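Values in this text are rule-based calculations from the coordinates and carry no lab data. Computed from a predicted model, the values in this text were never measured in an experiment. Cβ coordinates were reconstructed from backbone atoms using ideal geometry, including for glycine residues, and neighbour counts include every protein chain displayed.
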Amino acid sequence: MYLMHGFSCFDSSDVCETSLLGAVALEFCYKQLFSETFRELQHSRNGVTVKTEDGCVYEANYVILSASIGVLQSDLICFRPPLPYRWKTEAIEKCDVMVYTKIFLKFPYKFWPCGPDKEFFIYAHDRRGYYTFWQHMENAYPGSSILVVTLTNGESKRVEAQSDEDTLKEAMGVLRDMFGPEIPTATDILVPRWWNNRFQRGSYSNYPIISNNQVVNDIKATVGRIFFTGEHTSERFNGYVHGGYLAGIDTSKALLEEIRKNKSLLLEPLLALTGPLTLTQLDTVSGRQKCDVPTQLYLKSKLGIPEAIL
């Protein structure tokens, strides 16, 4: 999650104030705090307030929320007031959450066939998806002696709920069924737990075939000063890392445009520095007098976001 004050942003964490000094109107300041878990997000037309699990409170003008679709479907975040149900929450609930688990097993030596045309092997079992799809890492990482088995959805959730020792026992039973009882036991195992991780609650989003673009649009639509982003908000690349990356760029641009629309964020500080406005002529145009207003010039900051200067 990112909190925004004017043109400054920070990661889910701290609020950084900007000040107008000399000729420079706005400067960026970044401060990141990690291991902060926020549980409540209060929002209104005046700003947002975030409350963390340890009792800290952070305030900002805007917030970019990149929580996964699984987290949005869970009760981890309490929105006050609640998100609109008839279009926002309903759209979030329509999106499926997929679980995709790659289990890594390290062996003292390789015992499987290798070669440029030998990388994958399949195991057939009465139970669908039971340690079916295997891949060795020798082509990518020679000498690694690592096998990877991929599980999905129901099998992923089942394996996540059991111990690594039980998973290792099951996997070795499958491998010995394929390669014989004399193969060595894996010396190490890594079992990701995307489903049981409360900060993820699944691996990626998957929109049902019957859904339409309106569902995606509703999920990524802003609610007041809350901007939603993540791979689940990408119309073309949901479920992929680059989908989350591209969605983040789009959301950042949308937020900057929203900030620019609120002219008071830049105009009021600039006018305060220049003093009273000087009338250039007493004629009126449409009942209003003409006056010189300082021109806002923009320079690219080191972060690539325009800064206003006098």
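Brief remarks follow.
- Net charge dipole, region 100-190: roughly 140 debye, given to the nearest 20, about the Cα centre with Cβ charges of +1 for Lys and Arg and -1 for Asp and Glu.
- Region 100-190: proportion of alpha-carbon pairs further apart than 23 angstrom, %: 18 percent
- Under-5 Å amide H pairs with N197, H placed in peptide plane, nonlocal only: G202
- Sorted ascending by nearby beta carbons within 10 Å, beginning with the fewest, E53, E138, E258 become E53, E258, E138.
- Potential extension, A161-N262 segment - 0.36 nm per residue separation minus Cα distance: 31.4 nm
- Around the amide H of R39, modelled in the peptide plane, lie the amide H atoms of K51, T52, E53, all under 5 Å away and 5 or more residues distant in sequence or on another chain.
- Set K94/K118; K51/K106; K51/K253; K94/K261; K102/K253 screened for pairs whose C-alpha atoms are more than 31 Å apart: K94/K118; K51/K106; K94/K261; K102/K253
- Structural size metrics of region 152-258, computed from C-alpha coordinates, are Rg and Dmax of 20.0, 65 Å.
- Whole-Hz ³J(HN,Hα) from phi, Karplus 6.51 cos²θ - 1.76 cosθ + 1.60, for region 163-177, glycine and proline x: 6, 4, 5, 5, 5, 4, 4, 5, 5, 5, x, 5, 5, 6, 5
- Between the residues F107, T89, L72, the greatest Cα displacement towards the positive end of the dipole of region 69-122, with unit charges on the Cβ of Lys, Arg, Asp and Glu, is found for F107.
- Gap separating the Cα centres of region 138-217 and region 239-257, nearest whole Å: 28 Å
- Distance between modelled label sites at Q42 and M178, nm, 7 Å Cα→Cβ extension: 5.5 nm
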